[in-house]
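So the structure is just underneath, and the comments pick up after that.
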Amino acid sequence: MGSQEAIALVFLILVIWVCTILVLLSRVDRDEKRERRHERKASRQAGHHAH
């Protein structure tokens with residue numbers, strides 16, 4: 001019983017850990033995409049001003 005409970009606890013911690021990492025990675029990806037969009041807009045505006 002004790003060993004099974006320990007394995008279940010470790011498995012549960014691993015699942016939570018993986019979920020938190022996936023959530024953090026998805027948030028970082030979204031932030032990067034937002035920054036890239038802003039940069040593209042800025043570069044387009046600069047190009048129009050140059051012309």
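Of note:
- The charge dipole of the chain, taken about its Cα centre with unit charges on the Cβ atoms of Lys, Arg (+1), Asp and Glu (-1) only, comes to about 540 debye.
- Ratio of the Cα radius of gyration of the chain to 2.2 N^0.38 Å, where N counts its residues: 2.27
- As a fraction of the 1.4 Å probe accessible area of the chain, surface on carbon and sulfur atoms comes out at 64 percent.
- For the chain, accessible area per residue (1.4 Å probe, heavy atoms of protein chains only), Å²: 101
- Relative to the longest principal axis of the Cα atoms of the chain, the long axis of helix 2-50 makes an angle of roughly 0 degrees.
- Note on the chain: helix-only mean residue ellipticity at 222 nm, from DSSP H runs of 4+ residues weighted -39500 (n - 2.57) and normalised by residue number, equals -36000 deg cm²/dmol.
The values are calculated or read from the model by the stated rules, or taken from the named source; none is laboratory data. Note that the coordinates shown come from a computational prediction; the quantities given were computed from them, not determined experimentally. Cβ atoms come from the backbone with ideal geometry, glycine included; neighbour counts cover every protein chain shown. Just so you know, the surface numbers come from the protein's heavy atoms only, side chains and all, with ligands and any DNA or RNA stripped out. Shrake-Rupley method; radii C 1.70, N 1.55, O 1.52, S 1.80 Å.
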